[in-house]
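So the structure is just underneath, and the comments pick up after that.
The values are calculated or read from the model by the stated rules, or taken from the named source; none is laboratory data. Bear in mind the structure is a predicted one, so any value in this text is a computation, not a measurement. Virtual Cβ from ideal backbone geometry, glycine too; neighbours counted across all protein chains shown. Accessible surface areas use protein heavy atoms only, side chains included; no ligands, DNA or RNA. Shrake-Rupley method; radii C 1.70, N 1.55, O 1.52, S 1.80 Å.
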Amino acid sequence: MPENAKTNRLGAYLKARRGLVSPEQAGIPAGGIRRVPGLRREEVAMLAGISADYYLRLERGRDTHPSPQVLDALARVLRLDETERGYLFELAAPPARTRTRARRTPSERVPARLHHLLAAVDVPAFVEGRTFDVLAANELATALSPRLRPGQNRLRSLLLDPEEQAFQKDWATSAAGIIAAFREQAGAHGDDPRFVELVGELSLASGRFRELWARHDVRRLEGGTTTVLHPVVGELRLHRDKLPVDGLLLVLYYAEAGSESADKLALLASLAGSNGRS
């Protein structure tokens with residue numbers, strides 16, 4: 001079921017994360033038959049130094065504002081990294097204005113200077129919004145992938161478009177990463193209408209999305225290196241940088257100077273230019 005403003009996000013997150021910690025990881029003997037994956041509620045409570053009844057109230061949404069000390073203890077028991085810990089704290093103490101802001105989410109507009117920048121750079125570049133909608137792109141970006149045209153959504157493309165799945169050399173890793181980043185991006189503001197729309201659509205249409213969404217993995221949006229399989233120029237190993245600008249993200253792809261991928265990217269730019277002049 002899609003998440004919305006009434007969902008017990010804190011409880012759902014705690015339940016999902018305890019299911020991913022094995023008794024061995026927590027230092028608990030794994031003897032006997034266990035009916036649930038990961039840790040039991042009472043085991044989490046014991047390890048965190050809180051009562052089993054209080055932990056049950058947290059998971060069931062009867063208490064949604066535990067103290068920082070309790071959150072630190074739970075983060076330790078659930079083996080959360082810094083990003084996951086920050087997400088836990090955000091769920092437990094959302095800003096008072098969250099709901100008002102969610103209802104009044106402003107439309108995302110690309111400043112004119114970003115359009116000028118996209119036209120000036122000689123690498124694939126595009127601008128994406130908070131829910132991974134492509135808002136603007138240069139010619140080389142759309143030559144790299146037609147799914148980078150304005151109006152496309154990168155999450156939907158990756159999960160539902162067979163051509164995008166073939167384009168990504170390591171599709172499984174890419175899918176897991178973007179879903180975790182989508183959850184982190186949404187934070188405690190999952191009642192944003194666009195967020196709700198995408199979660200609902202993908203929950204119905206993609207088994208992989210349902211599986212990964214249920215894990216409640218959280219990752220920050222970061223740059224890195226990716227390998228894609230272009231239908232014309234072949235395999236490209238590209239660096240990817242994500243730069244925040246006025247609440248949007250400017251994304252740039254570029255190859256290592258002097259590399260085979262740089263030559264192929266130059267060929268792609270030449271082909272794109274030829275098509276534009278024809």
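For the chain, the per residue solvent-accessible surface stands at 52 Å², with DNA, RNA and ligands left out and a 1.4 Å probe. Here is the tail figure for the range 183-278: Cα pairs spaced more than 15 Å apart come to 74 percent of all pairs.
For the range 40-93 and the range 194-237, what is the separation of their C-alpha centers, rounded to whole Å? Centre-to-centre distance over Cα atoms comes out at 28 Å. Spin-label pair S22-E256: with each label point 7 Å from Cα along the Cα-Cβ axis, the two points sit 3.5 nm from one another. Between I33 and R109, full extension at 0.36 nm per residue minus the direct alpha carbon distance yields a gain of 21.8 nm.
For the range 225-278, what percent of Cα pairs sit more than 12 Å apart? Summing the P(r) of the range 225-278 above 12 Å gives 69 percent of all pairs. Measuring nothing but protein heavy atoms, the accessible surface of the chain at 1.4 Å probe radius is 52 percent carbon and sulfur.
On a full-extension model of 0.36 nm per residue, what is the gain between A266 and A205, subtracting their alpha-carbon distance, rounded to one decimal in nm?
Values: separation 61, 0.36 × 61 = 21.96 nm, distance 3.69 nm.
Difference between extended and current length: 18.3 nm.
Between the Cα long axis of helix 193-205 and the first principal axis of the chain there is an angle of about 90°, rounded to the nearest 10.
Once you keep just the Cα pairs under 8 angstrom separated by 6 or more residues, what percentage relative contact order results for the range 110-152?
Values: 59 pairs, mean separation 13.9, N = 43.
It rounds to 32 percent for the range 110-152.
Please express the shape of the chain as an equivalent ellipsoid: the semi-axes are the square roots of 5 times the eigenvalues of the C-alpha gyration tensor, given largest first in whole angstrom.
On the way: eigenvalues 328, 91, 49 Å².
Those come to 40, 21, 16 Å.
Helix 171-186: angle to the longest alpha-carbon principal axis of the chain, degrees 0 to 90, nearest 10? Compared with the principal axis, the helix lies near 70 degrees.
Rounded to the nearest 10 degrees, what's the angle between the helix 68-77 long axis and the longest principal axis of the chain, both from Cα atoms, 0 to 90? Once rounded, the angle reads 80 degrees. Rounded if a/c is under 1.5, else prolate if a/b is larger than b/c, else oblate: which is the range 6-63, with a ≥ b ≥ c the root eigenvalues of its Cα gyration tensor? It is prolate, given that a/c is not under 1.5 and a/b is the larger ratio.
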